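The values are calculated or read from the model by the stated rules, or taken from the named source; none is laboratory data. In this text the structure is predicted, and so the values were computed from the model without any measurement. All Cβ positions, even for glycine, are placed from backbone atoms using ideal geometry, and neighbour counts span all protein chains on display.
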Amino acid sequence: MTTRLVLLHSPLLGPLSWRRVAAILAGRGAAAEAPAWPRLSTLGADGYAALANSMAASLGAGPPAIVVAHSGAGALMPSVAALARGQVRGVIYCDAILPHPGLSWFDTAPPALAAQLLAGAVEGRLPAWDQWWPPGALAKLVPDTDLREALIGELEPIPVGYFEELAPELELAVPAAYLQLSGAYVEEAQISMRRGWPVVRLPLHHLAMLTHAEAVAGAIESLAARLEGRDG
């Protein structure tokens, strides 16, 4: 049976971040897709439920899938898996935060970053994600000007409420694995190893899906095979 892989971008980014990897996986025979979350600016107070319900509905449109969650999408996986009712066969966290039931994003973020973001809030909105980086840093990660501008074109200011909302008191109830791309997620990879999850480390960077799509696609294939018991 063809493996269905659903590649979920960070809610702070857009689906462009996964399109190269999805195309490579599809070319290798996987049923790969990169759907978009609802835009955060359209959500009300219960953002987790709105995001999870939307993605659960998308997952229900096809066979059960292995879901790959990048960055901030990791926190939403217990809610998505619960609402999808058997449509999630496993989760691969890709340079992602792990679920944090009962805590907000601000509770888990480095205090200095949280303070920096709140200082830049205007009318209840934080700066778009590209403005979190020092000058020139994003260009070093994504040197291709057209690709970088397309990435930035999907961004928008982010409601402060999204970062203040407490995650639902849910635990992930399906098999999981971890793909570490950058040094910022060493701790998450170590936690995953202690939990007995399959872990792959690629010494690249947080947006490697855009610049090293072949390597990321290969790692996802490997981890998906292990989650499905096809690793030899």
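Just a few scattered comments:
- Single match in Leu103, Leu76 (criterion: of a type outside the set (Phe, Trp, Tyr) and surrounded by fewer than 20 Cβ atoms within 10 Å (Cβ to Cβ)): Leu103
- Contacts under 8 angstrom Cβ, first residue in region 18-36 being modelled with pLDDT of 95 or more and crowded, with 19+ Cβ neighbours inside 10 Å, partner in a loop (DSSP other than H, G, I, E, B) and among the acidic types (Asp, Glu), 6 or more apart: none
- Residue match in region 124-137 (condition: of a type in the set (S, T, N, Q) and closer than 19 Å to Arg20 by Cβ): no
- Selection from region 132-157 of residues that are surrounded by 15 or more Cβ atoms within 10 Å (Cβ to Cβ) and among the hydrophobic types (A, V, I, L, M, F, W, C): Trp132, Leu138, Leu141, Val142, Leu147, Ala150, Leu151, Ile152, Leu155
- Cβ-Cβ under 6 Å pairs, at least 6 apart or on other chains, region 195-210 side modelled with pLDDT of 95 or more and in a loop (DSSP other than H, G, I, E, B), far side surrounded by fewer than 20 Cβ atoms within 10 Å (Cβ to Cβ) and of a type in the set (Gly, Ala, Ser): Leu202/Ala215; His205/Ser182; His206/Ser182
- Any chance Arg39 is without any contact (Cβ under 8 Å) to a residue 40 or more places away in the chain and charged (D, E, K, R): no
- Selected residue [of a type in the set (D, E, K, R), closer than 23 Å to Trp18 by Cα and modelled with pLDDT under 95] from Glu154, Glu228: Glu228
- Where helices (runs of 4 or more DSSP H) fall wholly inside region 8-124, the ranges with 3 or more residues that are closer than 24 Å to Pro175 by Cβ, out of contact with any His (no Cβ under 9 Å at 6 or more places or on another chain) and not charged (D, E, K, R) are 16-27, 47-59, 77-84.
- Subset of region 180-206 that is among the hydrophobic types (A, V, I, L, M, F, W, C) and more than 16 Å from Pro99 (Cβ to Cβ) - its residue that is surrounded by the fewest Cβ atoms within 10 Å (Cβ to Cβ): Val186
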